[in-house]
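Enquirer: What follows is a structure written as structure tokens; I'll ask about it next.
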Amino acid sequence: MAMRKKAQVSVEFLVVLALLFGLFLFSVAIFSERNSGYIHSRERQEAGLVAGKLARAINGVHLAGEGSEARLLLENKGVDFNVAVLGNAVVVEWQGNYVDSALVTESVSAEALGLVGFVNVRNVSGRVVVENA
């Protein structure tokens with residue numbers, strides 16, 4: 001009879017342990033889903049900051065007139081952004097997503113921009129030139 005009670009306690013323990021493990025797996029799945037949403041939101045915000053910062057510099061130099069210059073620091077915060085000036089917008093693209101920021105002029109020349117280091121923005125004969133420093 002004592003052996004039967006020990007076996008029953010062991011089976012009950014295993015059932016409770018399996019339920020706790022299932023609850024743990026469920027909570028990990030919920031947490032990872034929320035965490036990935038947070039990461040996507042943070043990447044989008046970082047891309048928007050980069051696009052806005054560069055667009056403000058380009059607009060400021062354009063409106064200030066010929067000979068004006070600005071220097072700004074573009075930082076890569078762990079996300080591989082591609083930055084381009086297309087028409088009258090600064091476009092920041094990453095992993096199939098993009099964010100843009102409007103420009104007041106289409107007269108912009110921009111080379112491929114790296115997000116680590118300084119960028120020079122200059123107004124040369126009415127055309128805004130953007131280049132890595």
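Enquirer: Working carefully through the options 42, 56, 71, find the one that is within 27 Å of residue 125 (Cα to Cα), of a type outside the set (Gly, Ala, Ser) and exposed (fewer than 14 other Cβ atoms within 10 Å of the Cβ). Lay out the reasoning, then the answer.
Expert: Details: 42 fails: within 27 Å of residue 125 (Cα to Cα); 56 fails: exposed (fewer than 14 other Cβ atoms within 10 Å of the Cβ).
The conditions single out 71.
Enquirer: Looking at 50, 128 in this structure, which one is in a strand (DSSP E or B), among the aliphatic types (A, V, I, L, M) and in contact (Cβ under 8 Å) with a residue 24 or more places away in the chain?
Expert: The match here is 128.
Enquirer: Name the single residue that is nearest to residue 44 (Cα to Cα) among those in the stretch 108-125 being buried (at least 17 other Cβ atoms within 10 Å of the Cβ) and either aliphatic (A, V, I, L, M) or free of Cβ contacts under 8 Å to residues at least 40 places away in the same chain (or both). Spell out the reasoning first.
Expert: Filtering the stretch 108-125 down to residues buried (at least 17 other Cβ atoms within 10 Å of the Cβ) leaves 108, 110, 113, 115, 119, 121-123.
Of the ones still in play, those that are also either aliphatic (A, V, I, L, M) or free of Cβ contacts under 8 Å to residues at least 40 places away in the same chain (or both) are 108, 110, 113, 115, 119, 121.
Values: 108: 24, 110: 22, 113: 18, 115: 15, 119: 21, 121: 24 Å.
Among residues in the stretch 108-125 that are buried (at least 17 other Cβ atoms within 10 Å of the Cβ) and either aliphatic (A, V, I, L, M) or free of Cβ contacts under 8 Å to residues at least 40 places away in the same chain (or both), the one nearest to residue 44 (Cα to Cα) is 115.
Enquirer: Could you tell me whether any residue of the stretch 23-35 is in contact with a helix residue (DSSP H, G or I) (Cβ under 6 Å, 6 or more places away or on another chain) and of a type in the set (Val, Ile, Thr)?
Expert: Going through the stretch 23-35, the residues in contact with a helix residue (DSSP H, G or I) (Cβ under 6 Å, 6 or more places away or on another chain) turn out to be none.
So far as the stretch 23-35 goes, no, none of its residues is in contact with a helix residue (DSSP H, G or I) (Cβ under 6 Å, 6 or more places away or on another chain) and of a type in the set (Val, Ile, Thr).
Enquirer: Please list, ordered by first then second residue, the pairs with beta carbon atoms under 6 Å, 6 or more apart or interchain, first in the stretch 68-79 and assigned to a strand (DSSP E or B), second among the polar types (S, T, N, Q).
Expert: As it stands, the answer is 71/120, since those pairs meet every condition given.
Enquirer: Being within 13 Å of the chain's Cα centre (by Cα), of a type in the set (A, V, I, L, M, F, W, C) and surrounded by fewer than 19 Cβ atoms within 10 Å (Cβ to Cβ) narrows it down to one of 79, 92, so name that one. Steps first, answer last, please.
Expert: Details: 92 fails: surrounded by fewer than 19 Cβ atoms within 10 Å (Cβ to Cβ).
When all the criteria are applied, what remains is 79.
Enquirer: It is to be established whether one or more residues within the stretch 111-125 are assigned to a strand (DSSP E or B) and closer than 13 Å to residue 49 by Cα. Steps first, answer last, please.
Expert: Within the stretch 111-125, the first condition is being assigned to a strand (DSSP E or B), and the residues that meet it are 117-124.
Now drop any that are not closer than 13 Å to residue 49 by Cα, which leaves none.
Checked the stretch 111-125: no residue is assigned to a strand (DSSP E or B) and closer than 13 Å to residue 49 by Cα.
Enquirer: When only residues in the stretch 95-107 that are part of a loop (DSSP other than H, G, I, E, B) and out of contact with any helix residue (DSSP H, G or I) (no Cβ under 6 Å at 6 or more places or on another chain) count, which is surrounded by the fewest Cβ atoms within 10 Å (Cβ to Cβ)? Explain how you work it out, then say what you get.
Expert: The first filter runs over the stretch 95-107 and keeps only residues part of a loop (DSSP other than H, G, I, E, B), leaving 95-96, 103-107.
Of the ones still in play, those that are also out of contact with any helix residue (DSSP H, G or I) (no Cβ under 6 Å at 6 or more places or on another chain) are 95-96, 106-107.
Numbers: 95: 11, 96: 5, 106: 11, 107: 15.
In this case the residue turns out to be 96.
Read-outs throughout are calculated quantities, based only on the coordinates presented, and are distinct from any laboratory measurement. Here the structure is a predicted model, which means the values were calculated and not measured. Note: ideal-geometry Cβ built from the backbone for every residue, glycine included; neighbour counts use all protein chains shown.
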